[in-house]
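Working notes, beginning with the structure itself.
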Amino acid sequence: MPITEIYGPDDFANRPQGHLASSPRPAPAPTARALPTPSLGWTAEIERATAPLYERVKHVIPPIEWPLMAPTIKAINDLKKARGAVILAHNYQAPEIFHCVADIGGDSLQLAVEATKVEANVIVQCGVHFMAETSKLLNPDKTVLIPDSRAGCSLAASITGADVRLLREKFPGVPVVAYINTSAEVKAEVDICCTSSNAVQVVESLNAPSVIFLPDRYLATYVASKTDVKIIAWKGACEVHERFKGEELRAFREADPSVQIIAHPECPPDVLAEADFTGSTAHMINWVREKRPRRLVMITECSMADNVRAELPDVEMLRPCNLCPHMKRITLANILDSLLTLREEVTIDPALADRARRSVERMINLKN
Ligand code: 13P
Ligand code: SF4
């Protein structure tokens, strides 16, 4: 059924002003634990040592670019061992990060689940800030680093903890589901989290006639189309996925009726109406692995198509795609810097973290 009601910041006259959930913060000063910068020249030894990694990305990184990346990749992989660190990377990270330095890659749900199993004392999160916060919530005693803490998310920035409290006042007793793309402050105010992999399952697990689902209006619309639970939504949107248009996809299909189109559920409904498959980033990747389409339009962030093409070069990827400027703040250079200086460390107030952790763990503990 369609979303029953939708709210946003302008709908609450008493909304506190001047606070953004995911505002950039200044980088902390370097710590005494900094290690010396390794030499980053291109040598025969580096060429030999990184040759197996280049094999993984040779279909998406031209040979002329590899000598510029390989020394930093080798330095990161050496430092990871020295620091006892693990690198978690989202599917939207560039191929030189995703395929060459990450220990674990995946969608938001996979990264959260994997974060519960990490044994290393240092986690470097290659993704956006809410992902690093989720890792910290699940590993309060470990050092969680994000190479650039300005890597935000338009969804996480669209809502605050105070907004959730206003919604609760308006709808007493109605359970609240927060997309994982929210700050720890928002997670602390809700009943349970979800990701795009499990949103419908999470909503239905609450056994309630109505659910407040925030902050993504388009994911809410998608969930509402798959369930009889009444969905009350928030007016947030992903600045990357909201830019796609159904007419663009129709043009691709007219040009080649055999083309396959797959889309992320953060896209508007007219885009999803044109898709052959809708799913989280991990579900999209699995779909491509299984179906091996000849020509594919992947309606999501650009690096994801590169990462899939690196693995499955026989699948011809057609653009369009949109870049997430926040995901792209993470680079080989700042990952190396993060490992050298142990910056920027993610910290969360312990009392708030205890409340936020509950909503993430409740999601992770849901039976499949
Ligand atoms: P996934 O959980 O599908 O990886 O999505 C995360 C995200 O930020 C999509 O824009
Ligand atoms: Fe946020 Fe959209 Fe970027 Fe994902 S792609 S991190 S939802 S802005």
Do we find a residue being closer than 22 Å to Ser158 by Cα, assigned to a loop (DSSP other than H, G, I, E, B), more than 12 Å from ligand 1 (Cβ to nearest atom) and not small (Gly, Ala, Ser) anywhere in the range 255-272? yes
The conditions are (1) within 16 Å of ligand 1 (Cβ to nearest atom); (2) part of a helix (DSSP H, G or I); (3) surrounded by fewer than 16 Cβ atoms within 10 Å (Cβ to Cβ), and Ala351 fails exactly one of them. Which is it? (1)
Please determine whether any residue of the range 355-362 is outside any helix (DSSP H, G or I) and at pLDDT 95 or above. no
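Conditions (1) in contact with a strand residue (DSSP E or B) (Cβ under 6 Å, 6 or more places away or on another chain); (2) within 16 Å of ligand 2 (Cβ to nearest atom); (3) of a type in the set (Gly, Ala, Ser), marked per residue:
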residue	(1), (2), (3)
Pro63	no, no, no
Asp78	no, no, no
Ala115	no, no, yes
Val128	no, yes, no
Answer from Thr160, Thr143 - the residue that is away from ligand 2 (no atom under 14 Å from the Cβ), of a type outside the set (A, V, I, L, M, F, W, C) and more than 24 Å from Thr341 (Cα to Cα): Thr160
Just to be sure before I move on: is Val297 touching a Lys or Arg at 6+ places or on another chain (Cβ under 9 Å), buried (at least 16 other Cβ atoms within 10 Å of the Cβ) and without any contact (Cβ under 8 Å) to a residue 40 or more places away in the chain in the structure I sent? no
Are there strands (runs of 3 or more DSSP E) fully within the range 94-170 with at least 1 residues that are of a type in the set (Asp, Glu) and either within 13 Å of ligand 1 (Cβ to nearest atom) or surrounded by fewer than 21 Cβ atoms within 10 Å (Cβ to Cβ) (or both)? List them. none
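The values are calculated or read from the model by the stated rules, or taken from the named source; none is laboratory data. None of these values were measured; they are calculated from a predicted model. Ideal geometry is used to build each Cβ from the backbone, glycine not excepted, and the neighbour counts take in all protein chains shown.
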